[in-house]
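Here, each number is a calculation from the coordinates, and none is a lab measurement. Computed from a predicted model, the values in this text were never measured in an experiment. All Cβ positions, even for glycine, are placed from backbone atoms using ideal geometry, and neighbour counts span all protein chains on display.
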Amino acid sequence: MTSLKRTARIAGLWYLGFTLGPFYLLYVPSQTVVHDDAGATAARVLSHETLYRWGMLAETLGAVIFIGLGLALYRLFEDVDRHRARQLMALVLVSSALGLVTVVFSAAALLIFQGGDPFAAFDSHTREAIGMVLIRLHGQANGINQMFWGLWLLPFGWLVVRSRFLPRWLGYWLLLDGIAWVVVGVTWFFAPDSRDALFRYFQPVFLAELAAMLWLLIMGAKEQPAVATATT
């Protein structure tokens with residue numbers, strides 16, 4: 001196996017770690033959070049504490065995996081355009097850092113729901129309300145992070161198009177995916193009630209990352225010199 005193909009498949013393996021996303025972004029909240037009901041949410045979190053903690057661990061690992069993927073892609077594309085590869089890496093780091101902040105909100109909510117001596121001055125309703133605020137802050141941070149879920153795909157897609165060792169159609173698809181996430185992120189700021197409808201509408205576009213993961217894992221990359229010169 002050539003070194004370029006091996007590097008691409010290593011990136012694909014890191015990308016495979018993104019399959020944790022639906023677990024901590026969709027499944028765990030569906031089992032623990034009751035919309036607009038702090039008391040029911042507190043009860044669910046405490047009755048599903050092990051699942052809730054697994055969700056926090058998975059979300060932490062997700063941030064670490066994202067950094068690993070960014071580094072693998074930087075190595076894959078640095079000879080195509082080092083400047084764009086650095087942009088990709090910088091956006092990945094910002095998104096990963098914001099993702100770790102969301103875990104802090106979740107951990108703080110669990111701590112408050114559990115009560116104990118540090119929170120003896122607060123009655124149960126107050127603790128539940130504070131915990132619910134923290135859970136909502138977790139959701140708000142993810143809403144902000146949607147911008148970065150799209151922004152990092154723009155240099156990624158551009159690098160795929162220019163590389164010539166990955167198919168151009170995949171690069172254009174990734175560019176559309178990035179634009180779609182940015183649109184969803186902007187909508188979250190100004191019309192949050194429309195975000196879910198937009199998310200459903202853009203589902204075919206969002207499949208670009210799944211296609212990229214499978215291509216990197218299965219096909220790897222063609223061993224041939226890139227046409228773009230590296231920039232500093």
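Odds and ends about this structure:
- The protection proxy used here, the mean number of other Cβ atoms lying within 10 Å of each residue, ranks peptides 27-35, 40-48 as follows, highest first: 40-48, 27-35.
- Cα→Cβ-extended label distance, 7 Å offset, between V186 and A43, nm: 4.3 nm
- C-alpha long axis of helix 153-163 to longest principal axis of the chain, angle in °: 20 degrees
- Its relative contact order, with pairs defined as Cα atoms under 8 Å and 6+ residues apart, puts the chain at 27 percent.
- Helix 49-77 axis versus longest C-alpha principal axis of the chain: approximately 20°, rounded to the nearest ten.
- Taken over region 145-225, the ratio of Cα radius of gyration to 2.2 N^0.38 Å equals 1.19.
- Full-stretch length increase - V34, S194 - with 0.36 nm per residue and alpha-carbon distance subtracted: 55.6 nm
- With a simple spin-label model that places each label point 7 Å from the Cα along the Cα-to-Cβ direction, the separation between F18 and W169 comes to 1.9 nm.
- Over the chain: Kirkwood hydrodynamic radius from C-alpha pairwise inverse distances, Å: 19.0 Å
- In degrees, nearest ten, helix 168-190 long axis to first principal axis of the chain (Cα): 30 degrees
- Cα gyration tensor shape for region 91-134, rounded if a/c is under 1.5, else prolate or oblate: prolate
- Between T187, L207, S3, the Cα set farthest toward the positive side of the dipole of the chain (charges on each charged residue's Cβ, about the Cα centre) is that of S3.
- Cut-off 15 Å (backbone N to label point 7 Å along Cα→Cβ of A97), residues of region 47-81: 64, 67
- Inter-site label distance for L214 and I144 at 7 Å from Cα along Cβ, in nm: 3.6 nm
- Our helix-only sum for the chain, with -39,500 (n - 2.57) per DSSP H run of n ≥ 4 divided by its residues, gives a mean residue ellipticity at 222 nm of -24500 deg cm²/dmol.
- Residues in region 141-161 that a label on D79 would reach, taking backbone N under 18 Å of a point 7 Å out along Cα→Cβ: 159-161
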